[in-house]
């Protein structure tokens, strides 16, 4: 009936419902017990469990990313990085648990509702994107035909959360950080989408599965569309706000940027969502340009996928270690005058290839 | 957005020390800037009036902790002028060597601060890593990493440790390679140059008039170096160049400091070769004549440091005035800042090499 | 409030009821020992987390700030212990006072301390922060930071070496371990 | 010796020696200026309070003194006077000129030289902050190092150190 992720979750749901039914049977409420075992209820529970699994995976992936970032960055800088627990793997748990018990401070002058909502929107949007990222043919929540479009649509919610969060914090630094996020959004969203359009032109589908199958049959798309990959990388790093494009939280001039007034668990959620977004951006790059989960058979496709993502992220960390931060003016001019033409050339290449019948 | 005042400091990652830069911004463009200092003021000059002459040396170390040797040396130089003490030749050479080592250490700390300002933690860590080597040399010679308390009125506290020459030569050779690495990390990075070039423009005329000194002045194309133009210790017996850049911007100031590090190593190598044998210290008088004044100026890593002492006839000075280079350079910062964006503030103020201990005194 | 009010619960407003029921639950948990048990189980976890994610405030004052920078450098690498310097006081746990405090700075430092979220600690690094140090007779310096904010750990030295600073943080970890900060421990 | 060593003497650049500068100043101002001594790269002089501005204008325009190294105040409690000491450097001649100006202690007022050299601005503010010396014509004579609202002038000799904030 189900396969992959849903098959896995379905088994759990059925078992859970059996336990519940057994409980109601023992207290002689047979009608309710039967109702719990109807396909509709089981389906509903399956959906909930799948969402839960996705969120847990997102959480684990994000902390793996944080760990990877700390260790690789440390090595790049000739030091060891965190050593808490085995290989520093427990550092993130310590950070997270600490964030739980920190005092919740809501400054007096903030717009309380929006201030509290911004991290929720951020983490919600980030976790939502995880639902559309397939890790293999079978391991996905919603392998819908316009997955790519949907991911990009959700992807651009986060800058909005940053903008309102910065504005609501009622601090000059946070406002400037929020404004920069908005500026970055409008100048980088378009090259990002254009670099994706070339892939769609070649493949002829918005579905991740189709894109990966296309690459399995032909070649990894970063070979013909290397320009697109470059544009995508630059724009995605800008979207995810990492050095060198981390202007909304530019530490040197805007203390901690738009998150200056956030502490405790809100700050923890913001950190988490940042890395989830990093994971999503890396996964899209892998899906679009590096063959997704395609790989030799001696490993599961899911593992191939995660390995590729981790390697790509290590490349991002390398970029972070090597470069300094750019300024607002430069980032905007880079976006409009360099990336846009490059993305256009990339589309032209894709159209050329399609027309010439290479693919 | 209308214009608003933005307080950058006292607790701000950009300050590197403790001061407050108030900027008036229109959007992100700076229309007015006003530095506020005094957060570290402890009345240094007044305190020295209650101390014996030798007791002031460790206090002078804590004037600027990035280049402590340079300040305690300046104090000793001035006190020697006041008391008419002629120091042994070997002491002069040792002082020259450690001063240059201190200059490299200070410049590395500046580079580290500039790295964090520009958002590159790598530059910070590489500089701090290399700085440790020079601090190790300091430690071998003086016993302390930063606040060394090494120069004395009438020479140096102790003679060089064994392997002094070998260690310095080795570190110089090693550091030269590493400095090339760091230079490559900065110079060859397009983004680094984009951030630094054309930022914080201050012309040579303006810099002279506003009292900017040291590498910041030489970055504006003015060829003046106290080490060459009013030589002290043995700088006039060595062959070296003054680093001058004509860019007048942050990048020029950065280049001047990098070049100075190479020159410092050049000076150290020559001085090591020429260093004579002999005593390192003479006994100075305990008291200074009443009413007699003396002043001396040196090339601190940050600019021209000047001290002015009045003797009191006993073992305390009557008045000790310190001219700190950054105190004046900060007052010129509005000229560099106005018209730039807020995002450029770290790149501009980072290139100035702030040290607030000497500024506030 | 106590259990004797139970018959009146129907007549309470929602807010009163919430207050009353919270108090009752609290007392019940205390009386039954559940609170103690939960605390015993969770406190080591919380204290472990607090020890290993100790974020100091990125705030350099004077000489010791350079040793603080050196401590986060490659040779000493304070990040091994989970110390990351954050610039916003809202996100930090430790206020590292590394220099003399002047009359002009005192209100700002006090304010920074108050902006930090509980649980928080203060480390006085160097002679100046401990007792005024070389500036003991100055007209403008505060003789020790503990005159106006509570200090947990003192790191002596002028300035302390980076090893000493890291050792001071280990001492702070010991203190946190001993205090066993738990969620319920406030009462 | 190399070319650099020749450059360093300062004379090779065609500048004025300290003796030349002392002579030019005494020629221009027969009264009001006393040259105490000259040394290598240095001239020490004593100038009357009233002729300070004229001397400064002269050395700036004619003798290429373009950099104020420092402006310090000195309080002579017993002698009942105050002093301001200026160290002004000429980059072209490689000479530093020290100017000592005596002021009455009960009314320490002197002309500001900020409009000639912008670098003197904060030095004069500091001297005001510490000694209470009034610099006439200074654009912004306010407290700089001490906190706003300090009522004393802490570097005066009648202020006892050891007083806590």
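The values are calculated or read from the model by the stated rules, or taken from the named source; none is laboratory data. Fair warning: this is a prediction, and the values are worked out from it, not measured in the lab. Positions of Cβ are backbone-derived with ideal geometry, glycine not excepted, and every protein chain shown enters the neighbour counts.
Couple of notes before you dig in:
- Qualifying residue in the stretch B:174-191 (condition: surrounded by fewer than 24 Cβ atoms within 10 Å (Cβ to Cβ) and in contact with a strand residue (DSSP E or B) (Cβ under 8 Å, 6 or more places away or on another chain)): no
- Residue check, residue B:353 within 15 Å of residue B:47 (Cα to Cα) and either within 12 Å of chain D (Cβ to nearest Cβ) or in contact (Cβ under 8 Å) with a residue 40 or more places away in the chain (or both): no
- Selection count where residues are outside any loop (DSSP other than H, G, I, E, B), modelled with pLDDT under 90 and in contact with a helix residue (DSSP H, G or I) (Cβ under 6 Å, 6 or more places away or on another chain), scope the stretch C:135-154: 3
- Residue that is in the same structural domain as residue A:148 (by TED's automatic domain parsing) and under 30 Å from residue A:171 (Cα atoms), where the choices are A:295, A:278, A:352: A:278
- With respect to the conditions (1) more than 9 Å from chain D (Cβ to nearest Cβ); (2) outside any helix (DSSP H, G or I), residue B:318 lacks only one, and its number is (1).
- Counting residues in the stretch D:51-74 that are out of contact with any helix residue (DSSP H, G or I) (no Cβ under 7 Å at 6 or more places or on another chain), more than 20 Å from residue B:321 (Cα to Cα) and without any contact (Cβ under 8 Å) to a residue 24 or more places away in the chain gives one or more.
- Of all the numbered requirements in (1) more than 30 Å from residue B:284 (Cα to Cα); (2) not in a helix (DSSP H, G or I), residue B:132 misses one, and that requirement is (2).
- All of (1) more than 7 Å from every other protein chain (Cβ to nearest Cβ); (2) assigned to a strand (DSSP E or B) hold for residue D:151 with one exception: (2).
- Applying a threshold of 6 Å to beta carbon distances and a minimum spacing of six or more residues, or different chains, the list of pairs starting in the stretch A:30-52 at a residue that is touching a residue at least 12 places away in the same chain (Cβ under 8 Å) and ending at one that is assigned to a loop (DSSP other than H, G, I, E, B) reads A:50/A:141.
- Among the conditions (1) facing another protein chain (nearest Cβ under 10 Å); (2) at pLDDT below 85, the only one that residue B:3 does not satisfy is (1).
- Scanning the stretch B:283-294 turns up no residue that is within 14 Å of chain D (Cβ to nearest Cβ), closer than 25 Å to residue B:100 by Cβ and buried (at least 24 other Cβ atoms within 10 Å of the Cβ).
- Picking from residues in the stretch B:47-60 that are surrounded by 21 or more Cβ atoms within 10 Å (Cβ to Cβ) and more than 7 Å from chain C (Cβ to nearest Cβ), the one that is nearest to residue B:332 (Cα to Cα) is B:60.
- Test for residue B:316: is it crowded, with 24+ Cβ neighbours inside 10 Å, modelled with pLDDT of 85 or more and over 22 Å from residue B:109 (Cβ atoms): no
- In the stretch A:262-284, the count of residues that are outside any helix (DSSP H, G or I), crowded, with 21+ Cβ neighbours inside 10 Å and either at pLDDT 85 or above or in contact with a strand residue (DSSP E or B) (Cβ under 7 Å, 6 or more places away or on another chain) (or both) is one or more.
Listed here are the residues, each with its yes/no results for (1) outside any helix (DSSP H, G or I); (2) touching a helix residue (DSSP H, G or I) at 6+ places or on another chain (Cβ under 9 Å); (3) away from chain A (no Cβ under 14 Å).
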residue	(1), (2), (3)
B:79	no, yes, yes
B:94	no, yes, yes
B:99	no, yes, yes
B:110	no, yes, yes
B:116	no, yes, no
B:141	no, yes, yes
B:145	yes, yes, yes
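- Apart from one condition, residue B:63 fits all of (1) touching a helix residue (DSSP H, G or I) at 6+ places or on another chain (Cβ under 6 Å); (2) within 26 Å of residue D:73 (Cα to Cα); (3) within 13 Å of chain C (Cβ to nearest Cβ); (4) in a helix (DSSP H, G or I); the exception is (4).
- Residue A:198 meets all of the listed conditions (1) part of a helix (DSSP H, G or I); (2) within 14 Å of chain C (Cβ to nearest Cβ); (3) over 16 Å from the mean Cα position of the chain (by Cα) but one, namely (2).
- Counted residues, the stretch C:47-86 - those being part of a helix (DSSP H, G or I) and more than 8 Å from chain B (Cβ to nearest Cβ): 13
- Filtered by the rule that a residue be under 13 Å from residue C:59 (Cα atoms), touching a residue at least 40 places away in the same chain (Cβ under 8 Å), in contact with a helix residue (DSSP H, G or I) (Cβ under 6 Å, 6 or more places away or on another chain) and facing another protein chain (nearest Cβ under 9 Å), the stretch B:6-43 gives B:14, B:16, B:17, B:18.
- Residue tally, condition in a strand (DSSP E or B) and either within 11 Å of chain B (Cβ to nearest Cβ) or in contact with a helix residue (DSSP H, G or I) (Cβ under 7 Å, 6 or more places away or on another chain) (or both), over the stretch D:75-91: 11
- Restricting C:90, C:110 to those that are more than 14 Å from chain A (Cβ to nearest Cβ), without any contact (Cβ under 8 Å) to a residue 60 or more places away in the chain, within 15 Å of the chain's Cα centre (by Cα) and outside any strand (DSSP E or B) reduces the list to C:110.
- Note on the stretch A:321-347: among residues that are surrounded by 19 or more Cβ atoms within 10 Å (Cβ to Cβ) and touching a strand residue (DSSP E or B) at 6+ places or on another chain (Cβ under 7 Å), the one that is farthest from residue A:81 (Cα to Cα) is A:328.
- Among all residues of the stretch D:135-147, there is at least one that is under 13 Å from the mean Cα position of the chain (by Cα) and either without any contact (Cβ under 8 Å) to a residue 12 or more places away in the chain or more than 8 Å from every other protein chain (Cβ to nearest Cβ) (or both).
- If only residues of the stretch B:255-282 that are within 14 Å of another protein chain (Cβ to nearest Cβ) and surrounded by 14 or more Cβ atoms within 10 Å (Cβ to Cβ) are counted, the one that is nearest to residue B:353 (Cα to Cα) is B:263.
- Residues of the stretch A:285-325 that are away from chain B (no Cβ under 14 Å) and part of a loop (DSSP other than H, G, I, E, B): A:290, A:291, A:292, A:293, A:294, A:295, A:296, A:297, A:298, A:299, A:300.
- Any hit, the stretch B:325-332, residues being in a loop (DSSP other than H, G, I, E, B) and surrounded by 23 or more Cβ atoms within 10 Å (Cβ to Cβ): yes
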